[in-house]
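The values are calculated or read from the model by the stated rules, or taken from the named source; none is laboratory data. Since this is a predicted model, take the numbers as computed values, not measurements. Positions of Cβ are generated from backbone atoms using ideal geometry, with glycine treated the same way; all protein chains shown enter the neighbour counts. What goes into the accessible areas is simple: the full protein's heavy atoms, side chains included, and nothing from ligands, DNA or RNA. Shrake-Rupley method; radii C 1.70, N 1.55, O 1.52, S 1.80 Å.
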Amino acid sequence: MKVKSVKASVYTWQGPTATPRANLSTNPMDALGGLSDTMGSFRFHQWLIVEVETTDGIVGLGNCALAPPLAKQIIDQYLAPLVIGRDPLDVEALFQTMYRSTMAWGRKGVGMAAISAIDIALWDINGKAMGVPVFKLLGGRTKKQIPVYASRLYSQPLDTLAAEAQGYLDEGFTMMKLRLGWGPQQGPAGMAKNVDLVRTVRETVGPDIDIMIECYMGWTLEYARRMIPRLLEFSPRWLEEPVLPDDIAGYAYLNQHSGVPISGGEHEFTLLGFKQLLDAGALSVIQYDTNRVGGITVAQKINALAEAYQVPVVPHAGQMHNYHLTMANLNCPISEYFPVSEVEVGNELFYYLFEGDPQPRNGFIDLDDTVPGLGVSLNKAHLHNFSVAV
Ligand SMILES: O=C(O)C(=O)C[C@@H](O)CO
Ligand SMILES: [Mg+2]
């Protein structure tokens, strides 16, 4: 069997979209609040879908969501020619070929997202060719079900925030993640608002529910050192991406001295990228995203490295390309779950593009041992709401 073709398509959402609210979530653009739209870069309304077809007629589905039009260019012009004609089961050699041939510019960011999309498709082919789900190729079932945390609770008025948190509680979730809305630019008044958000969720759900806090790269080390002590009373399970991804020293300081476990990694790439973070003691929880980090091939290498450091892995986002890794690794205790909602930031777009992602029941999801490959297919029901560039 050989790779016969690689089709990369950019899906752009044209359907109804919730109006972005100010201070929905802190993010790196906040530092330029007076000069630029701080929510503009916080929109993920495009997705790249890769269909790799083999000479045996098997089609593998891959995807990525970082700069999809660029990822498509990279696949069309650089990566597809490297994999066409090759054995799709040779995932390690094919990853190394794509990685090393684009080393000068592709080892981080959109280059690695493009490589990830093809790698995910190759693993889908592997599972389909062997007649088993991908997690069975990675180590098999390590959990009866996967515990998931509800991940939304964007910064909003306290009454609606409490109602949303209560809703997840009523659905049986025992873990949930909220977004803070304020950072250095808003000073002490913003700090008080951040405390109100976390207090509201904690008071709603009680002491026995895990609360995680998302900062999405929107703070500085100096601000985090002043803000975090005011959050400790709420016992957050982790504080996510407080500083810029390249501020490894900042991560390490907060992870070792702030009193709260620091998580991150959704904006880091490759095995050696995570070795740097682990060597620095920068993280208490690793959160790579398989459709960014180097695909399933790299994600599985990071899982082994993280286990050696005894640092758990909770991939960014739910989505099948991440769930299979969580199922196959004991060191991946739980998964993220984006509740299905109207299109807002774009995390939820996955459900409009694909069918097959498991929906949670009582705070757990499960994968089907009998469905080969990744177990997702294109969702035709919403196709009319997308423009597609092939
Ligand atoms: O879910 C996360 O960890 C993210 O960073 C998603 C991003 O859209 C912020 O909510
Ligand atoms: Mg995050």
Counting only protein heavy atoms and a 1.4 Å probe, tell me what percentage of segment 3-130's accessible area is made up of carbon and sulfur.
55
Return P(r) of segment 110-179 (all Cα-Cα pairs; 10 Å bins starting at 0; whole %; ordered from short to long distances).
16, 25, 24, 27, 7, 0
Over the chain, with neighbouring protein chains present, the accessible area per residue in Å² at probe 1.4 Å is 37
Taking the full set of protein chains and a 1.4 angstrom probe, give the accessible area of Arg21 in square angstrom, rounded to the nearest 10.
90
Using a 1.4 Å probe on heavy atoms of the protein chains only, the accessible area for Arg141 in Å², nearest 10, reads 80
Rounded tilt (10° steps) of 110-130 against the dominant C-alpha axis of the chain
60
At a 1.4 Å probe radius, which order do Asp170, Asp208 fall into by accessible area, largest first?
Asp208, Asp170
Quick check: the distance between the Cα centres of segment 287-314 and segment 39-90, to the nearest angstrom?
20
Bins of 5 Å, beginning at zero and ending with the bin holding the largest distance: percent of Cα pairs per bin for segment 184-301, please.
2, 11, 22, 21, 18, 12, 8, 4, 1, 0
Kirkwood-based Rg over Rh for segment 258-341 (C-alpha set), two decimals?
0.94
What is the helix-to-structure angle for 187-205, meaning the angle in degrees between its Cα long axis and the longest Cα principal axis of the chain, kept from 0 to 90 and rounded to the nearest 10?
70
Test item: Cα-centred dipole of segment 263-328, Lys/Arg +1 and Asp/Glu -1 on Cβ, debye:
100
Expressed as a whole number of Å, what is the distance separating the alpha-carbon centroids of segment 322-383 and segment 212-264?
28
Determine the calculated [θ] at 222 nm for the chain from helices alone, applying -39500 (n - 2.57) to every DSSP H run no shorter than 4 residues and normalising by the residue count; nearest 500 deg cm²/dmol.
-10500 deg cm²/dmol
Cα shape, segment 27-167, gyration tensor, a/c 1.5 rule:
oblate
Can you give me the convex hull volume of the Cα atoms of segment 1-75, divided per residue and expressed in Å³?
122
Nearest-10 value in Å² for the accessible area of His257, using the 1.4 Å probe:
120
Of the beta bridges DSSP finds with both residues in the chain, what % are antiparallel, to the nearest 5?
55
What do you reckon, how do Arg86, Arg202 stack up by accessible area (1.4 Å probe), largest on top?
Arg86, Arg202
Against the longest alpha carbon principal axis of the chain, how many degrees, from 0 to 90 and to the nearest 10, is the axis of helix 91-101 turned?
80
Quick shape summary for the chain, equivalent ellipsoid via Cα gyration tensor, semi-axes whole Å in descending order, reads 33, 22, 21
Carbon and sulfur: what percent of segment 136-378's accessible surface (1.4 Å probe)?
54
